[in-house]
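Following: one structure in structure tokens, then a few remarks.
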Amino acid sequence: MTPSDQRAIEAILGRPYRTLRLEWNAELAMLRVRTGVRPIQCYTLAAMTELQFCFDDVASYPGVVRHLVMSSDVPSVFNFGGDLALFVLLARAGDVDSLRMYGRKCIDLIWWMETADSRGVHTVAMLQGDALGGGLEAALSFHKIIAERNVQAGFPEVLFNLFPGMGAWNFTIRKSGFAVANDMVLSGRLYSAEELLQRGLVDMVVDTGEGEAAMLQLVRGVDPRHRGTLAALKARRIAARIDYADLERIVDDWAHSAVQLTDRDLRLMERLARAQVRKVGGADDGAIEEIKRIELEAAWQAAGSRIGPSSPTTQSLN
Amino acid sequence: MSSPFGDLVLRTDEARRQFDSQPVLLDAVANGMSVERYRAFLLELYHVVWHFNPITAAAACRIPDSLREVRYFLYEHMHEEMGHELWVLNDLEAVGVPRAVAEAHRPGPYTLGMTGYNYWTVEHRHPAAVLGMLYTLEVVASVYGGPFSSAMRESLLLDGDNGISFISSHTTMDSEHIADLREIVNKINDPVAMEAMVEAAELNFHHFGRLFATLP
């Protein structure tokens, strides 16, 4: 490593962060970024600002970081996505502009990952815990995704009448096709790591606790072919183009949808936030279990409305 | 964020996050709290609510004519909040605290610090600081009040809104208020007023959080 590379690494690692823990692997020129937002592992404004600083620092020293690997410091959670308390606040305030600003901060981070090949950086997301909504959207923007077997992931936003607006459609369609994207976004269902692999959304599923070893093996495999891999990924980007302007348009629609959420929708969002907190407090059930309960309730309600008072089924039951 | 309200949200977001990271609050929102702790909370809340309108009045009488709409907004707000300290007294009675005991309660240091600061800032810093106080209290009520009142109802097996009437009703009421607050904050284009609002919101989040954290 040259003295200037050494200075660059010191600059990248030297910034004081509250929600990130950085680590440098000199052998592979690999920057490990571990996120840890307490008490709920989600994309707060401060956490996104710190991520942007970190990525901008990497971009300031081209050629120094060859691999960037992101994982979570919070056990069992990769990321729960958006800051639900902030969403509730801004939706209740009817503040489209601030929601749009939040969404744009998200897509700026995603766009950095999407264009990482042009900065000479190969990216890996390592999911050792659940990824919901924006947490999964963020992961999908990495070149490779490794998921441990216990992981569950999905886009639950439709359950509270919203949709994932920061790249879910674009990246899911690119990786798995329109039918899978349709199913995932419109059902709000959660998927196991194995189901994600079958749909091509993750690249590798490993036993729980084996993610770290698998990641090192993957990076070691790519490293000798780093230049060619990045060139191929750049070509992939051209072949299956994702456009920043499209991401912006979707964020705008998302912000307008968010301010139209009803009190019932916001209450469901609050239920989910409360469940996230319960898990932090050490309870067995958390956001994943709450989403399943909300799904079940929605299914019952749908069944109930189908068996309405005037329906033939009800009449025959009577 | 380009709008003044957006700036207020952005610049005080860390203070809000610090507030909602308090372990006592996290536990209360998820699981409710013991009746003893809930009584202690309501006793502090009574004083916060009692001082709300006097602080707002102190601000309103100092608002310059250039911010006349803010003054009219405060008048309406005071009218809506009038008598709400009695709701807290009713809730206290519902959970076993007689009115005389509640009225004689000496508030804790964070309640005193918060109310004292709010009087000071509207008198000596900028009267628009009251909007920072309002922002904090409405965020607390509209974002955290719903889950908290549900958790309290479940944990203390309360009947309907009995014992949680103030928090439960303000969850809905302040949801509407926060949209009104956004409109009025967006009319303020004065950096000094903005600084005062931000400081007031940060201090109120901090002290309200500490109020929770230090409940016996």
**OP:** From B:145, B:132, grab the single residue that is under 14 Å from the mean Cα position of the chain (by Cα), assigned to a helix (DSSP H, G or I) and farther than 30 Å from residue B:34 by Cβ.
**Re:** B:132
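Quick grid of which residues meet (1) within 14 Å of chain B (Cβ to nearest Cβ); (2) in contact (Cβ under 8 Å) with a residue 40 or more places away in the chain; (3) of a type in the set (Gly, Ala, Ser):
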residue	(1), (2), (3)
A:87	yes, yes, no
A:93	yes, no, yes
A:99	yes, yes, no
A:106	no, yes, no
A:111	no, yes, no
A:115	no, yes, no
A:120	no, yes, yes
A:124	no, yes, no
A:130	no, yes, no
Subject >> Residue count, the range B:109-160 (criterion: touching a Ser or Thr at 6+ places or on another chain (Cβ under 9 Å), away from every other protein chain (no Cβ under 13 Å) and of a type in the set (Val, Ile, Thr)) >> reply: 2
**OP:** With the checklist (1) part of a loop (DSSP other than H, G, I, E, B); (2) free of Cβ contacts under 8 Å to residues at least 24 places away in the same chain; (3) of a type in the set (Gly, Ala, Ser) in hand, flag the one item residue A:179 doesn't pass.
**Re:** (1)
Original post:
Restricting to the range B:65-103, what's the tally of residues that are assigned to a helix (DSSP H, G or I), under 27 Å from residue B:40 (Cα atoms) and of a type in the set (A, V, I, L, M, F, W, C)?
Top reply: 10
**OP:** Return a yes/no flag: does the range B:83-91 have any residue that is surrounded by fewer than 18 Cβ atoms within 10 Å (Cβ to Cβ) and under 19 Å from residue B:120 (Cα atoms).
**Re:** no
Original post:
Which residues, taken from the range A:259-301, are modelled with pLDDT of 75 or more, more than 27 Å from residue B:24 (Cα to Cα) and out of contact with any helix residue (DSSP H, G or I) (no Cβ under 6 Å at 6 or more places or on another chain)?
Top reply: A:260, A:262
**OP:** Scan the range A:31-79 for residues that are free of Cβ contacts under 8 Å to residues at least 60 places away in the same chain, outside any loop (DSSP other than H, G, I, E, B) and within 12 Å of chain B (Cβ to nearest Cβ) and jot them down.
**Re:** A:46, A:47, A:49, A:50
Original post:
For residue B:197, all conditions in the list (1) within 11 Å of chain A (Cβ to nearest Cβ); (2) modelled with pLDDT of 90 or more hold save one; what is the number of the exception?
Top reply: (1)
Original post:
Just to be sure, is residue A:18 under 30 Å from residue A:275 (Cβ atoms) and either more than 20 Å from the chain's Cα centre (by Cα) or not in a helix (DSSP H, G or I) (or both)?
Top reply: yes
Original post:
What are the residues in the range B:41-59 that are of a type outside the set (Val, Ile, Thr) and either in a loop (DSSP other than H, G, I, E, B) or closer than 14 Å to residue B:212 by Cβ (or both), if any?
Top reply: B:41, B:42, B:43, B:44, B:45
Original post:
Is one or more of the residues making up the range B:172-190 aliphatic (A, V, I, L, M), in contact (Cβ under 8 Å) with a residue 40 or more places away in the chain, facing another protein chain (nearest Cβ under 9 Å) and in contact with an Asp or Glu (Cβ under 8 Å, 6 or more places away or on another chain)?
Top reply: yes
**OP:** With the checklist (1) surrounded by 13 or more Cβ atoms within 10 Å (Cβ to Cβ); (2) without any contact (Cβ under 8 Å) to a residue 24 or more places away in the chain; (3) within 14 Å of chain B (Cβ to nearest Cβ); (4) not aromatic (Phe, Trp, Tyr) in hand, flag the one item residue A:264 doesn't pass.
**Re:** (1)
Original post:
Within the range B:1-40, which helices (runs of 4 or more DSSP H) (wholly inside it) include 3 or more residues that are of a type in the set (D, E, K, R) and either within 7 Å of chain A (Cβ to nearest Cβ) or under 30 Å from residue B:104 (Cα atoms) (or both)?
Top reply: B:13-19
Original post:
Going by the conditions given, is residue B:49 crowded, with 16+ Cβ neighbours inside 10 Å, within 14 Å of chain A (Cβ to nearest Cβ) and of a type in the set (Val, Ile, Thr)?
Top reply: no
Subject >> Wholly enclosed helices (runs of 4 or more DSSP H) of the range A:80-143 bearing at least 3 residues over 30 Å from residue A:228 (Cβ atoms) and not β-branched (Val, Ile, Thr) >> reply: A:84-93, A:96-114
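The values are calculated or read from the model by the stated rules, or taken from the named source; none is laboratory data. These figures come from a predicted structure and were not determined experimentally. Cβ atoms come from the backbone with ideal geometry, glycine included; neighbour counts cover every protein chain shown.
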